[in-house]
1. What number goes with the only condition from (1) surrounded by fewer than 19 Cβ atoms within 10 Å (Cβ to Cβ); (2) among the small types (Gly, Ala, Ser); (3) part of a loop (DSSP other than H, G, I, E, B) that Ala211 does not pass?
2. Can you work out which of the residues in the range 140-154 that are surrounded by 23 or more Cβ atoms within 10 Å (Cβ to Cβ) and not β-branched (Val, Ile, Thr) is farthest from Arg206 (Cα to Cα)?
3. Tally up the residues in the range 6-58 that are within 30 Å of the chain's Cα centre (by Cα) and either assigned by TED's automatic domain parsing to the domain that holds Val256 or part of a strand (DSSP E or B) (or both), please.
4. Among the numbered conditions (1) out of contact with any Lys or Arg (no Cβ under 7 Å at 6 or more places or on another chain); (2) part of a loop (DSSP other than H, G, I, E, B); (3) under 28 Å from Asp245 (Cβ atoms), tell me where Val219 comes up short.
5. When residues of the range 155-188 are filtered for being of a type outside the set (Asp, Glu), over 20 Å from Phe100 (Cα atoms) and outside any helix (DSSP H, G or I), how many remain?
6. Here are some residues: Ala183, Ala172. Which one is in contact (Cβ under 8 Å) with a residue 40 or more places away in the chain and more than 21 Å from the chain's Cα centre (by Cα)?
7. Kindly establish whether Ala128 is small (Gly, Ala, Ser), at pLDDT 90 or above, surrounded by 14 or more Cβ atoms within 10 Å (Cβ to Cβ) and assigned to a loop (DSSP other than H, G, I, E, B).
8. Would you be able to say whether some residue in the range 199-206 is in contact with a strand residue (DSSP E or B) (Cβ under 7 Å, 6 or more places away or on another chain) and surrounded by 21 or more Cβ atoms within 10 Å (Cβ to Cβ)?
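The values are calculated or read from the model by the stated rules, or taken from the named source; none is laboratory data. Since this is a predicted model, take the numbers as computed values, not measurements. Cβ: placed from backbone, ideal geometry, glycine included. Neighbour counts: every protein chain shown.
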Amino acid sequence: MVVTYQQVASSKATLRRLSAHAFVVLDEVHHAAESRSWGDAIRLAFDASPRRLAISGTPFRSDENPIPFVRYVDSVAVADYDYGYAAALADGGVVRPVFFPRLGGRMEWTAPDGSQQAASFDDALDPALASQRLRTALSASGQWLDTVLAQANEQLVELRRTDPTAAGMVIAIDREHARAVAALLRARAGIVPTVALSDDPGASGRILRFARGDAPWIVAVRMVSEGVDIPRLRVGVYATSTRTDLFFRQAVGRLVRFTPGDERQSAYFYLPDDPRLRSFAVSIQEERRHALAPRRDDGAGEGPPRPPREERPVRENLFAPISAVPEGEFRLVAPVAPTETKRGPAPASSEDSRLGVHVDAPASPSSAALSLRERREALRQRNATLVRELVHRKRRSHAEVNAELNRRVGLSKVTEATLAQLERRVAAAEAWLRRR
């Protein structure tokens, strides 16, 4: 028997009798907590079942409603079995590594109370003003969104040279914003994107045709999220003001689906340099780095923090964006140690540089803000990334590439290298990559 959670809520007594000797599978069980009535009904209907399998791709919620049959410790859900992004990435052939180019900017706007405001993403603001700042950056009339769309389209054009079906996705704020984004793509790149709106009865059909075709871009409002499978999506632009960890991870999930037949796949999700969005990206990037780094036994890390509640939406009475000017270059999100107060530089992969994505740090980090340990770790990560690229480009084994690089800088083991030797090894690897 297959039923919806809504049907469970209206037939809980009948289902309780039927499930007393049944195996119950609760798919995407976090939806069962969307209202108190649903959660209570699921418990009543299935708590007598001798076997239950509750599964979810996003096993937490942004509100306070508990998920039925989930064990909580200090208000955090605890799974009996967890297969996350890091494990899937390490297994290979399941998900793609995803990178998060982000762009700063300086925004000016009229606040709902009529006051004039101006701030960059580096300025500390209260939640209401931070939300207004993000809405201003995402305005289709400003320069910021236009710049990001242009860079994202260049990235997609480059990917389509080797993967002609690769596609991009823009997640817009609402229907008016989606149409404005589509107009920008038409004006700047000559592209007529697919537009999928949640209140459009034909949206599902358009998404299905887009998934099966080779059109380059789709612009959507809450349509290309959970449950939609378009493996050819390789580039994304997060152009929505929704700032919850749940929605962000669902959006990222559209870009990480692995396509069989191509072992080298990366996805790129362009973000505003909003502090909260940056923190969400950092948590995913750290999972990616742990999965791709050489395996070592350093114990299990802590689970993801409990997602914050979403602040109330901006009042639309007097709010109006004035300008949104991009600042700086595109940078990749860099993990921040718990004791740090500023963003640290992220080691660039050769693939990032080759595809035109600028990053926070130079190839050989030497900033005084980094400790010796952090500089050494960044250089080791950079060396490891370059070795993987050389293995792919030069058709040699890891052992051969490492031996050749060690020979060029006079090393016996990378683990015994000084900072200067690691920097020379990076330079040697980059020079080797540049050679035809």
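1. (3)
2. At the first step, the residues of the range 140-154 found to be surrounded by 23 or more Cβ atoms within 10 Å (Cβ to Cβ) are 144-145, 148-149, 152.
From what's left, not β-branched (Val, Ile, Thr): 144-145, 149, 152.
Working: Trp144: 28, Leu145: 24, Leu149: 22, Ala152: 22 Å.
Result: Trp144.
3. Matching residues across the range 6-58 total 4.
4. Unmet condition: (2).
5. Of the residues in the range 155-188, 4 are of a type outside the set (Asp, Glu), over 20 Å from Phe100 (Cα atoms) and outside any helix (DSSP H, G or I).
6. Only one candidate passes the filter, namely Ala183.
7. Criteria not met by Ala128.
8. Restricting attention to the range 199-206, the residues satisfying the condition of being in contact with a strand residue (DSSP E or B) (Cβ under 7 Å, 6 or more places away or on another chain) are 203, 206.
Now drop any that are not surrounded by 21 or more Cβ atoms within 10 Å (Cβ to Cβ), which leaves none.
No, the range 199-206 contains no residue that is in contact with a strand residue (DSSP E or B) (Cβ under 7 Å, 6 or more places away or on another chain) and surrounded by 21 or more Cβ atoms within 10 Å (Cβ to Cβ).
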